[in-house]
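Here's the structure we're looking at; comments come further down.
Only the coordinates and a few stated rules stand behind these numbers; no lab work does. Source: prediction; values computed, not measured. Cβ: placed from backbone, ideal geometry, glycine included. Neighbour counts: every protein chain shown.
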Amino acid sequence: MTHTWRISTVTDAARARIAVARLAAAHGVPTLERTRLATALSARLRQCLTKGGTWTLEVRGPGRGDGEGLLDITVTPARDASAAGEPPWRTAVACPEPGEPPDGEVPGDAAALAEALLGADEDTAAALDRLTEQEKLVAFHREELHQTNQGVLALHAELDAAGRAQREAFAAERKARTEAEDARRRLTFLADASAVLTASLNHEEIVRLLSDLLVPRYAGSVDVWLFDHEGERARPAPHPAAAVLAARTGRPQYAADHPSGMPGVEDRPPSALDPARPLLCIPLPTRRAPQGVLTLSPPGGRWDPDDAVMLIELTRRASIAIDNARRFEHNRDIAETLQRALLTDLPTTPGLGLAARYLPATRGLNIGGDWYDAFRQPDGSLITVIGDVTGHGLHAAVMMSQLRTALRAYAVDGGSPGQLLTRLHVFLHHLQPDLYATAVIARFHPDDPTLTWAAAGHPPPMLRMPDGRVRVLDAKPGAMLGIPLRQEIGDHTVRLSPGSTLALYTDGLVERRAQGIDPGVERLAAALGTFASAELDADLEGSADRLLEPMLSDSERDDDVCLLLCHIDSAAGPPAATTPASAAAGDRHA
């Protein structure tokens, strides 16, 4: 036997409560148990109505002739309710004498509701009668003891006194326990809220989080008035006078028609903007001056003074989080501007197209040590390089700039890619012994269809040949630049054909924490092989974008990404055999 009701209004709840009471009575549930069931169900339904949405009340119980069983009551949120996913509320009562249950439906007319109300009053009256009987029984025994032995009176008086003292002690203990629990609740909320606020480095998100955290538990409404970075208090909308005074004095203000009773808060007349609603205006302090004001209205008539103390402390912590976020955003903008300024404009070379992409990490200062460059040597060769300095931030960017400048200076004297990397290795080791870098240098010569490259601890270059095959140039690389190790980095060569494309990149493009770098290298090789030579001839810039899309679709980009494509025009000259000329024999195909 199962009955179900959908509840979204007070009337639905009342009818369902009446129906459950009727079912309990029909199944022989005793009066006291029935009263307890109705009271618990009413409390739960009130909570459901407070949360809003649609709720389902389901009652399962034994049918006629099943013997003694249970009447099982469950309240769950409907699938489309805002509280969907909340665990169900369940209770059960024993049915000593299962009978023929009513149909579970309660008529909506006044007579039926009045009858149900009288029935509930009868249950309450029965419960009160039981209590009265117990009181009479206690009174009877007390009188019997009084008549039997007058001497017990004195002892009874002493026991009463001891009982009163014990009750007072219990009351004091309960009060202390309640106060301790309230303090623990406030401290827990303060710690959790502080962790949430300080986890963000976006000041607008922190402002939104403040409202989410405080409403409706500690505030009816939240308004955050932030000043600009220069401290100007531009007011696009009117603010309460108490908020203006809090901004000027740096002290919390309480605007209402009654005293606040809050320690450290100054009382002010009600706000002219909203006289009927008390307002607590708390400045957002910084080391110099308030950066804004947090204005709150109480969730009820007024705040508990201890809650107000907690709110003032939370506001202080929120102000620190907002100030840190705004400083971070300011520094990030400066850093990103610096990073963009350090990137190189690629030279124009007949027959050789260049396209580069730099994408900063989406976390942190958005600035790192990834870099690319392309420039000519005195003999007409074109040097292309891509590298990655360990770490992030301004220090990594500055070291990247110094490495780029040093490489250009060394390249003036000529030298192969391996020689240039060797000199960079020595330079970095002496300049910054605790800082390391990886790099790949590739050299194109206009009169020689041979590519010369060298790598130092960097992901291997990829060569897409005119027929679409992709070769991963993973001949033995050198170690990372700057490590405390003497090394001579060797050169590798491979012959090029018109229509060939060389891809240089940093590990942010191919490396994923859960997978390592090899699967990413394979994916990049497969993606590069999908391009046609004509497509690369016509739109190398667009090809660079289309190459990045599948590679970054699964990444949150917690590292910088750098890509440099070097494409030899298909019409640059007669095809030449694309075969290794020296140590490239160790390269692998993808």
Notebook entry, point to check: If you place +1 on the Cβ of every Lys and Arg and -1 on the Cβ of every Asp and Glu, how big does the dipole about the Cα centre of the chain come out, in debye to the nearest 20?
Noted result: 1060
Notebook entry, point to check: Taking the radius of gyration and the Kirkwood hydrodynamic radius from Cα positions alone, what is the Rg/Rh ratio for the chain, to two decimal places?
Noted result: 1.22
Next item on the list: Only bridges with both residues in the chain count here: give the DSSP antiparallel percent, nearest 5.
Entry: 95
Item checked: Average silhouette area of segment 348-589, convex hull of alpha-carbon atoms, in square nanometres -> 12.1
Next item on the list: Compute the Rg/Rh shape ratio of segment 197-335: radius of gyration over Kirkwood radius, all on alpha-carbon atoms.
Entry: 0.97
Check: When only DSSP loop residues count, what trypsin sites (Lys or Arg not before Pro) in segment 454-500 have their Cβ near at most 15 other Cβ atoms within 10 Å?
Finding: 469, 486
Item checked: residue 249/residue 329 FRET efficiency (R0 30 Å; Cβ-Cβ; nearest 0.05) -> 0.60
Margin query: Suppose R0 equals 45 Å. What FRET efficiency, 1/(1 + (r/R0)^6) with r the Cβ-Cβ distance, do residue 208 and residue 379 give to the nearest 0.05?
Written below: 0.15
Next item on the list: Go ahead and estimate [θ] at 222 nm for the chain from helices alone: -39,500 (n - 2.57) per DSSP H run with n ≥ 4, summed, over the residue count, rounded to 500.
Entry: -14500 deg cm²/dmol
Notebook entry, point to check: In nm, to one decimal, how far is the residue 175 label point from the residue 130 one, both placed 7 Å along Cα→Cβ?
Noted result: 3.4
Next item on the list: List the lysines whose Cα lies under 22 Å from the Cα of residue 476, skipping any in the same chain that are fewer than 8 positions away.
Entry: none
Margin query: Once each part is reduced to its C-alpha centroid, what is the distance from segment 518-535 to segment 372-411 in angstrom?
Written below: 26
Check: If you count, for each residue, the other Cβ atoms within 10 Å and average over each peptide, how do 215-225, 396-406 line up from highest to lowest?
Finding: 396-406, 215-225
Item checked: C-alpha center-to-center spacing [segment 1-72, segment 439-455] in angstrom -> 82
Checklist line | Nonlocal amide H pairs with residue 451, under 5 Å, H built at 1.01 Å | finding: 494, 495, 496
